[in-house]
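The values are calculated or read from the model by the stated rules, or taken from the named source; none is laboratory data. Model, not experiment: these values are computed from the prediction. No Cβ is skipped: glycine too gets one built from the backbone with ideal geometry, and neighbour counts run over all protein chains shown. Surface areas here come from the heavy atoms of the whole protein model, side chains and all, with no ligands, DNA or RNA. Shrake-Rupley method; radii C 1.70, N 1.55, O 1.52, S 1.80 Å.
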Amino acid sequence: MPLLRKSLQIAGLAAWVLLGTAAARAQYDDPGPGPGGGQSCASGDVLITAQDNNRWSPSQVTVQVGQTICVRNPSSSIPHNFNVSGVVRCAGACSSNTSSSTTTPRTNWTSRLSFTAAGVLNFHCDEHVAMGMTGQITVQAAGGGGNDSPGALSFTASNYSVSEAGGNATITVRRTGGDDGAVSVQYATANGTATAGSDYTAKTGTLSWPDNDDNNKSFTVAIANDTADESNETVQLSLSNPTGGATLGSPASATLTITDNDGGGGGGGGGGTAPAAPSNLRATALSTTEIRLAWNDNSNNETQFLIERRPIEGGAFVQVGTAPVNATELTAGGLAPATGYVFRVRAANATGNSAYSNTATAATNSASTGPCVEDADTLCLNNDRFRVEVTWRTAAGSGNGTGVPLDFAPDSGLFYFFSASNVELLIKVLNACAPPFDRFWIFFAATTNVEFKVTVTDTQSAKVKMYFNPLNNSAAPIQDTDAFDTCP
């Protein structure tokens with residue numbers, strides 16, 4: 001689902017807050033005197049450190065409501081600041097508001113802050129955002145992410161759009177602010193300027209969530225493709241009658257716009273020209289069930305973006321969501337833990353669809369961060385922090401790769417598929433946690449055309465990297481120097 005924005009009044013300060021699962025806002029320690037605020041990190045703080053290579057380390061953290069984050073720029077020569085758009089923008093004195101002069105990028109400062117509600121917030125350094133100095137904080141409800149209420153049910157957007165030739169519009173509903181107990185909500189369509197039966201098929205139903213489930217749910221509205229040249233038309237969407245103690249969140253009503261595809265200019269569908277394709281698609285795991293997608297919007301006449309997904313092992317792409325006009329990111333939810341996915345995006349309007357973006361691959365986080373235990377199918381590399389597993393398949397069978405640890409090279413290991421005398425793959429996980437890299441690297445080479453999948457799990461952060469080689473393809477070497485930004 002796309003990250004949305006909501007206006008809040010916080011102690012007299014109007015703040016725009018990036019929303020993921022719920023609104024979140026910051027509270028700050030007394031900064032004290034001096035450019036650095038007189039603060040220092042305390043034992044138990046979650047650290048976010050500005051690096052000399054213009055990156056945050058780590059760039060993604062997960063904390064509980066009320067847990068303190070200590071943000072620091074230890075450099076004496078490179079100025080950085082810390083900006084969670086509209087929530088806090090500082091370089092040392094975080095008790096200031098977002099327009100204070102203390103927000104100027106500085107060297108050698110430390111700030112401590114915490115958040116009062118669950119949510120997902122993006123942050124960046126104003127000075128170096130174009131260079132990729134960005135990150136994300138996931139704030140979980142107290143108690144390790146478990147929520148203590150049934151939550152609120154709402155649409156993920158106030159406006160949805162679909163081409164008349166689109167077949168079906170996918171409408172997504174979210175559960176935020178809690179996941180205790182089984183809940184449900186009824187949905188319904190109603191005529192706006194569109195007419196049920198001729199422009200779309202009326203739809204009513206119920207969406208249900210079991211206990212401890214806050215994944216997005218969706219329903220589809222069938223769209224009729226007629227030949228009349230007409231204006232864009234609208235369908236009204238509504239949620240009602242939440243059960244299980246859940247409430248209706250905002251928005252509980254939304255508008256679906258059906259864009260005409262029959263020419264003549266009346267449909268407002270981009271002047272007869274299909275939109276330009278989006279580019280630079282990136283995929284980043286946020287949790288065990290969510291992957292964030294971001295792309296460059298290269299068109300000025302799209303009415304929506306169509307998001308497609310397939311498993312990393314292959315198969316057909318399936319449309320799994322839409323994003324509104326001018327969107328440049330979306331959070332795909334409802335995914336399986338420790339599972340790899342491939343995504344692509346294209347823009348659409350009434351005239352047609354753009355070409356596809358590049359594909360982007362990511363794997364969701366593992367549901368377990370237990371220690372790595374080495375066995376016949378598992379290698380534990382780099383001080384036993386990284387769990388490495390390989391599966392393989394031929395036309396005649398499949399199985400798990402057998403790991404061969406190398407006592408003289410604890411960062412490296414081998415795998416064979418069929419015989420110990422026939423090594424198929426050499427892999428290593430290297431610690432490059434020093435400027436300018438600040439990453440763990442994954443390198444491997446395989447001398448095979450067998451289908452295989454390599455899964456590397458950082459048991460400390462639960463982040464997962466996956467690599468796949470199709471059957472009958474000579475395996476290309478992998479040199480992933482951006483594998484894990486989970487130093488130290």
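Observations
- Top-ranked residue of the range 199-214 - restricted to ones that are among the acidic types (Asp, Glu) and within 19 Å of ALA332 (Cα to Cα), ranked as surrounded by the fewest Cβ atoms within 10 Å (Cβ to Cβ): ASP213
- Cβ-Cβ distances below 6 Å connect the following pairs, each with a first residue in the range 138-154 that is more than 18 Å from ASN241 (Cβ to Cβ), a second residue that is modelled with pLDDT under 65 and crowded, with 19+ Cβ neighbours inside 10 Å, and a separation of six or more residues or different chains: VAL139/ALA24; ALA141/ASN147.
- Whichever residue in the range 160-189 is in contact with a strand residue (DSSP E or B) (Cβ under 7 Å, 6 or more places away or on another chain) and among the aliphatic types (A, V, I, L, M) and, among such residues, is most open to solvent (accessible area, probe 1.4 Å): ALA182
- Within the range 204-221, at least one residue is among the β-branched types (Val, Ile, Thr) and more than 26 Å from GLU308 (Cβ to Cβ).
- Considering the range 379-397, and only residues there that are touching a residue at least 40 places away in the same chain (Cβ under 8 Å) and polar (S, T, N, Q), the residue that is nearest to ASN431 (Cα to Cα) turns out to be ASN382.
- PHE386 falls short on exactly one of the conditions (1) open to solvent by 60 Å² or more (accessible area, probe 1.4 Å); (2) aromatic (Phe, Trp, Tyr); (3) farther than 30 Å from ASN301 by Cα, and that condition is (1).
- Strands (runs of 3 or more DSSP E) contained in the range 281-373 and holding at least 3 residues under 30 Å from ASN473 (Cα atoms) and not β-branched (Val, Ile, Thr): 291-296, 304-311, 340-349, 360-363
- Filter result for THR21 (crowded, with 20+ Cβ neighbours inside 10 Å and modelled with pLDDT under 75): yes
- Residues located in the range 175-205, provided they are within 27 Å of the chain's Cα centre (by Cα) and either among the β-branched types (Val, Ile, Thr) or at pLDDT below 90 (or both): ARG175, THR176, GLY177, GLY178, ASP179, ASP180, GLY181, VAL183, VAL185
- Residue within the range 457-469 that is outside any strand (DSSP E or B), open to solvent by less than 20 Å² (accessible area, probe 1.4 Å) and closer than 15 Å to PHE386 by Cα present: yes
- Selection from the range 91-120 of residues that are modelled with pLDDT of 80 or more and not small (Gly, Ala, Ser): PRO105, ARG106, THR107, ASN108, TRP109, THR110, ARG112, LEU113
- Of all residues in the range 393-433 being open to solvent by 50 Å² or more (accessible area, probe 1.4 Å) and aliphatic (A, V, I, L, M), the one that is nearest to the chain's Cα centre (by Cα): LEU426
- Residues being open to solvent by less than 30 Å² (accessible area, probe 1.4 Å), at negative phi and not β-branched (Val, Ile, Thr) - total across the range 64-91: 9
- Test result for LYS453, under 26 Å from the mean Cα position of the chain (by Cα) and not aromatic (Phe, Trp, Tyr): yes
- Residue match in the range 225-238 (condition: within 19 Å of ALA348 (Cβ to Cβ), of a type outside the set (D, E, K, R), modelled with pLDDT of 80 or more and touching a Phe, Trp or Tyr at 6+ places or on another chain (Cβ under 9 Å)): yes
- Applying the condition of being in contact with a strand residue (DSSP E or B) (Cβ under 7 Å, 6 or more places away or on another chain) and open to solvent by 60 Å² or more (accessible area, probe 1.4 Å) to the range 215-242 and asking which residue is farthest from SER149 (Cα to Cα) yields GLN236.
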